[in-house]
Amino acid sequence: MLVTVLAFGPIAEAMGGRKRQIELPATSSARFLIEEIGMEMWLGKGLAISLNGHKVDEDAPLSDGDEIALLPPVSGG
């Protein structure tokens with residue numbers, strides 16, 4: 001299946017861009033995708049995952065054509 005990944009902040013920098021299409025096995029989860037693109041260090045650090053515009057957890061199953069946005073935690077002061 002083919003999914004689109006949208007990344008923001010330091011995740012986009014690490015991915016080399018804000019948007020990327022990724023080919024995944026049919027039974028993939030959001031966590032599998034995050035591990036495939038090498039961003040697993042963000043898991044457990046406040047990473048927000050959006051699947052087709054809805055916030056989901058890392059175990060959410062993915063389908064062909066999905067759009068997954070990866071939003072790093074926001075800090076400020």
Subset of region 38-73, residues in contact (Cβ under 8 Å) with a residue 24 or more places away in the chain, surrounded by fewer than 16 Cβ atoms within 10 Å (Cβ to Cβ) and assigned to a loop (DSSP other than H, G, I, E, B), comes to Gly38, Lys45, Gly46, Asp57, Asp59, Ser63, Asp64, Gly65, Pro73
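Considering only residues that are part of a loop (DSSP other than H, G, I, E, B) and among the β-branched types (Val, Ile, Thr), look in region 5-37 and name the one that is surrounded by the most Cβ atoms within 10 Å (Cβ to Cβ). Reasoning before the result, please.
Within region 5-37, the subset part of a loop (DSSP other than H, G, I, E, B) is 8, 16-18, 24-28, 37.
Okay, now just the ones that are also among the β-branched types (Val, Ile, Thr), so 27, 37.
Details: Thr27: 9, Ile37: 17.
Only one residue tops the list, namely Ile37.
We did not get these values from a lab; they are worked out from the coordinates using the rules stated. Quick caveat: nothing in here was measured; it's all calculated off a predicted structure. Heads up, the Cβs are rebuilt from the backbone with ideal geometry, glycines too, and the neighbour counts pull from every protein chain shown.
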